[in-house]
2 protein chains.
Amino acid sequence: MTSRPIATPRPIALVGIGKIARDQHVPAIAASSDWSLAATVSRSGAVEGVEAFDDFDAFLAARPEIDTVSLCLPPQPRFDYAKKALLARRHVMLEKPPGQTLSEVHELIDLAARMGVTLYATWHSRMAAGVAAAKAHLAERAVRSARIDWKEDVRRWHPGQEWIFEAGGMGVFDPGINALSILTEILPSPVHLTGAVLEFPENRQTPIAATLDFTGGVRAAFDWRQEGPQTWEIAVETDRGPVTLRDGGARLEVDGTEETLPDHPGEYPALYARMAELVAKGESETDLAPMRHVADAMTLGRRETVAAFEF
Amino acid sequence: MTSRPIATPRPIALVGIGKIARDQHVPAIAASSDWSLAATVSRSGAVEGVEAFDDFDAFLAARPEIDTVSLCLPPQPRFDYAKKALLARRHVMLEKPPGQTLSEVHELIDLAARMGVTLYATWHSRMAAGVAAAKAHLAERAVRSARIDWKEDVRRWHPGQEWIFEAGGMGVFDPGINALSILTEILPSPVHLTGAVLEFPENRQTPIAATLDFTGGVRAAFDWRQEGPQTWEIAVETDRGPVTLRDGGARLEVDGTEETLPDHPGEYPALYARMAELVAKGESETDLAPMRHVADAMTLGRRETVAAFEF
């Protein structure tokens, strides 16, 4: 893999200007000394002061010097864009999950390697403030068991988004995969699923809740029906006491005491800093473990039908 | 990876002496000049004239010179046996599918690499008589589309096997994965799933039928309710005419004419010959593409409820 020296900040294009792009990607790039937002591609959105394309092929032909693209599209169309970008020798950064199917992501991994460009399958929750410190603590302890509680109100976080309950929409695994991305990052040894229960609303194609049992005494409970206080917590029991991530990884408690975490740039700024490193080193990062665990749960899980769900 | 020179035939142990071991593995090893069946491990079965263990740990401790084991256990217990065997530096051959979850097989792949031994995740249908010839034809043609019909009577092939309809039992993907193992072997370029319909009997946890749509114009229909003639066929349309595998890959028709296939040792003898090659070369072979396609279908597929099924 070759990486040409390029002036900092490097130009980057953002593809798919929806809510996640506006809320996270645009501010992260704006705050970055590594990157400069040089173009957007979207059928509906744009960013003030930045050249906007509504056609991806036109962008690829017009701006060959923009050698990195970040795809904030939904999973369904993402593969076609990623494939085109890689074939056009652009470095590619993917929102989570990196695809609709494991097989398509494997195709992208092989293609990136053939084209000699960087592919980064991001997991934003791995960049939460407490994750690196939790991983460091666990590396020095013997893990006895772990308990994930990822319970939120789908009506609050995905109001009216019917597609998440359609086939391929992932259901409660859409937030749950964030928990799995943290789990697979912080545990010193890999685990695998031994059983799962998936709760499908009788009128829906994806689960609204799931309980997952893994080797190593790891258990996860995902639930999208949680009203009131919301819970995004991973509690790991070790030989020397508990290591607990709260608030989706933003807070860390070790042996019952909250740790003061170092200043943190935020999840998305950290992703863009990592992408800059990968491009500079000519490397890819494509860990599919969180996505495999979801596929394993959907394959192995016992299905239970629960009450119909309407937004 | 190191491979010690060992006299031919090499000793091998067979773990799990059930129907598939008796029908396929024992005769294949008996007919092989590469292997000599040196021990069996099973709680219930044995092979006349061969030392029988009923405990795997006892076998590993007693016969360190048997450096290869073939696991014919069901998928559920297979991981624990494979992990023990790899930790004990034995080469390991796995029946299909190589595990219950993708994640556990990834753990085995990493472990085999660390221990410096061979891991072979076998797909017996890839060794069917017509598969290599079909692959060679397709390498010289442009594939336009493909159609898989894998339709058999579950009452005939799995009489009373309730477990195949329980969570994790794979349902119609148990035979269907054989078709996918051939498809992924013969196609010149990879494909991935774009949609699927899964038919779940109202009283069962796994599908009895499935329709899968892939990129590249590939469509698969799996059905376990086929009475009368049974169909295991892959028909590939190309720029120069059709290439069709029938009878699960045993027969090949090219441009409408049946090919005379060279003498073939049979699927399982071919697997054991391949295992001998891999051990001699110090290599592993662990293509999980067929298993990923099943996981993709279970993740992405739309579920339909169909009539209850009883054997």
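The values are calculated or read from the model by the stated rules, or taken from the named source; none is laboratory data. Computed from a predicted structure; not experimentally measured. All Cβ positions, even for glycine, are placed from backbone atoms using ideal geometry, and neighbour counts span all protein chains on display.
Just one of the numbered conditions (1) away from every other protein chain (no Cβ under 14 Å); (2) modelled with pLDDT of 95 or more; (3) within 30 Å of B:LYS19 (Cβ to Cβ) is not true of B:ALA210; which one?
Status for B:ALA210: all satisfied but (1).
Considering each residue of segment A:124-159, count those that are out of contact with any helix residue (DSSP H, G or I) (no Cβ under 6 Å at 6 or more places or on another chain) and farther than 20 Å from A:PHE200 by Cβ, and give that number.
Number of matching residues: 16.
What number of residues in segment B:29-56 are of a type in the set (A, V, I, L, M) and under 14 Å from B:VAL69 (Cα atoms)? Let's see the steps before the verdict.
As a first pass, look at segment B:29-56 and keep what is of a type in the set (A, V, I, L, M): B:29-31, B:37-39, B:41, B:46-47, B:50, B:52.
From what is left, the residues that are under 14 Å from B:VAL69 (Cα atoms) are B:29, B:37-39, B:41, B:52.
Qualifying residue count, segment B:29-56: 6.
Determine, yes or no, whether B:ARG155 is over 19 Å from B:SER125 (Cα atoms) and either outside the structural domain of B:LEU300 (by TED's automatic domain parsing) or part of a strand (DSSP E or B) (or both). Before the answer, list the steps.
Working: over 19 Å from B:SER125 (Cα atoms): yes; either outside the structural domain of B:LEU300 (by TED's automatic domain parsing) or part of a strand (DSSP E or B) (or both): no.
No: the conditions fail for B:ARG155.
Do you know which of the residues in segment B:162-173 that are assigned to a helix (DSSP H, G or I) and within 12 Å of chain A (Cβ to nearest Cβ) is nearest to A:THR101 (Cα to Cα)?
Taking segment B:162-173 first, the residues assigned to a helix (DSSP H, G or I) are B:162-165, B:173.
Next cut, within 12 Å of chain A (Cβ to nearest Cβ) only: B:165, B:173.
Numbers: B:PHE165: 24, B:PHE173: 17 Å.
Out of the qualifying residues, it is B:PHE173.
Residue-by-condition table, conditions (1) over 28 Å from B:ALA196 (Cβ atoms); (2) within 18 Å of the chain's Cα centre (by Cα); (3) outside any helix (DSSP H, G or I):
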position	(1), (2), (3)
A:GLU65	yes, no, yes
A:LYS83	no, no, no
A:GLY99	no, yes, yes
A:GLU107	no, no, no
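Determine whether segment A:67-76 contains at least one residue that is out of contact with any Leu (no Cβ under 7 Å at 6 or more places or on another chain), assigned by TED's automatic domain parsing to the domain that holds A:VAL105, part of a strand (DSSP E or B) and touching a residue at least 24 places away in the same chain (Cβ under 8 Å).
Start the filter on segment A:67-76 by keeping residues that are out of contact with any Leu (no Cβ under 7 Å at 6 or more places or on another chain), which leaves A:67-69, A:73-76.
Those left that are additionally assigned by TED's automatic domain parsing to the domain that holds A:VAL105: A:67-69, A:73-76.
Add one more test, that the residue is part of a strand (DSSP E or B), and what stays is A:68-69.
From what is left, the residues that are touching a residue at least 24 places away in the same chain (Cβ under 8 Å) are A:68-69.
The answer is yes, given that some residue of segment A:67-76 is out of contact with any Leu (no Cβ under 7 Å at 6 or more places or on another chain), assigned by TED's automatic domain parsing to the domain that holds A:VAL105, part of a strand (DSSP E or B) and touching a residue at least 24 places away in the same chain (Cβ under 8 Å).
So which residues in segment B:280-309 are under 24 Å from B:VAL92 (Cα atoms), assigned to a helix (DSSP H, G or I) and among the aliphatic types (A, V, I, L, M), if there are any at all?
Of everything in segment B:280-309, those that are under 24 Å from B:VAL92 (Cα atoms), assigned to a helix (DSSP H, G or I) and among the aliphatic types (A, V, I, L, M) turn out to be B:ALA280, B:ALA289, B:MET291, B:VAL294, B:ALA295.
What's the total number of residues in segment B:279-297 that are exposed (fewer than 15 other Cβ atoms within 10 Å of the Cβ) and of a type in the set (Gly, Ala, Ser)?
Looking only at that region, the number is 1.
Here is a yes/no grid of residues against (1) among the aromatic types (Phe, Trp, Tyr); (2) without any contact (Cβ under 8 Å) to a residue 24 or more places away in the chain:
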site	(1), (2)
B:ASP174	no, yes
B:HIS192	no, no
B:GLN226	no, no
B:TRP232	yes, no
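Give B:GLU185, B:GLU202 a once-over and let me know the one that is in contact with a Lys or Arg (Cβ under 9 Å, 6 or more places away or on another chain) and surrounded by fewer than 24 Cβ atoms within 10 Å (Cβ to Cβ).
Numbers: B:GLU202 fails: in contact with a Lys or Arg (Cβ under 9 Å, 6 or more places away or on another chain).
After applying the criteria, what remains is B:GLU185.
Criterion first (away from every other protein chain (no Cβ under 14 Å), under 28 Å from A:ALA250 (Cβ atoms) and surrounded by fewer than 19 Cβ atoms within 10 Å (Cβ to Cβ)) does A:ALA61 satisfy it?
no
What residue, of B:GLY266, B:GLY256, is away from chain A (no Cβ under 14 Å) and free of Cβ contacts under 8 Å to residues at least 24 places away in the same chain? Working first, answer last.
On the way: B:GLY266 fails: free of Cβ contacts under 8 Å to residues at least 24 places away in the same chain.
Being away from chain A (no Cβ under 14 Å) and free of Cβ contacts under 8 Å to residues at least 24 places away in the same chain holds for just one of B:GLY266, B:GLY256, which is B:GLY256.
Give segment A:76-104 a look and list any residue that's at the interface with chain B (Cβ under 10 Å from one of its Cβ atoms), closer than 18 Å to A:ARG43 by Cα and crowded, with 22+ Cβ neighbours inside 10 Å, or say none.
Scanning segment A:76-104 gives a single hit, A:PHE79.
Any idea how many residues of segment B:142-160 are touching a Pro at 6+ places or on another chain (Cβ under 8 Å) and either among the charged types (D, E, K, R) or surrounded by fewer than 19 Cβ atoms within 10 Å (Cβ to Cβ) (or both)? Talk me through it step by step, then tell me what you get.
First, the residues of segment B:142-160 that are touching a Pro at 6+ places or on another chain (Cβ under 8 Å): B:143, B:150, B:152, B:157.
Among the residues that remain, those that are also either among the charged types (D, E, K, R) or surrounded by fewer than 19 Cβ atoms within 10 Å (Cβ to Cβ) (or both) are: B:152, B:157.
Selection size over segment B:142-160: 2.
So A:ASP54 passes all but one of these: (1) under 18 Å from A:LEU37 (Cα atoms); (2) under 18 Å from the mean Cα position of the chain (by Cα). Which condition number does it fail?
Every listed condition holds for A:ASP54 apart from (2).
Does A:VAL117 satisfy being crowded, with 21+ Cβ neighbours inside 10 Å, among the aliphatic types (A, V, I, L, M), touching a residue at least 24 places away in the same chain (Cβ under 8 Å) and touching a His at 6+ places or on another chain (Cβ under 9 Å)?
Working: crowded, with 21+ Cβ neighbours inside 10 Å: yes; among the aliphatic types (A, V, I, L, M): yes; touching a residue at least 24 places away in the same chain (Cβ under 8 Å): yes; touching a His at 6+ places or on another chain (Cβ under 9 Å): yes.
Taking the combined requirement at face value, the residue satisfies it.
If a residue has to be over 30 Å from A:PRO159 (Cβ atoms) and crowded, with 18+ Cβ neighbours inside 10 Å to count, how many in segment A:14-52 make the cut? Working first, answer last.
First pass over segment A:14-52, keeping only residues over 30 Å from A:PRO159 (Cβ atoms): A:32-36, A:38-39, A:49, A:51.
Still in the running and crowded, with 18+ Cβ neighbours inside 10 Å: A:32, A:34-35, A:38-39.
Count: 5.
What are the pairs, 6+ residues apart or on separate chains, where a residue within segment B:283-308 that is within 13 Å of chain A (Cβ to nearest Cβ) and closer than 19 Å to A:ASP110 by Cβ has its Cβ under 9 Å from a residue that is part of a loop (DSSP other than H, G, I, E, B) and of a type in the set (Lys, Arg)?
Every condition considered, the pairs that remain are B:PRO290/B:LYS96; B:MET291/B:LYS96.
Which count do you get for residues in segment B:185-201 that are more than 10 Å from chain A (Cβ to nearest Cβ) and either over 20 Å from A:GLU202 (Cα atoms) or in a loop (DSSP other than H, G, I, E, B) (or both)?
4
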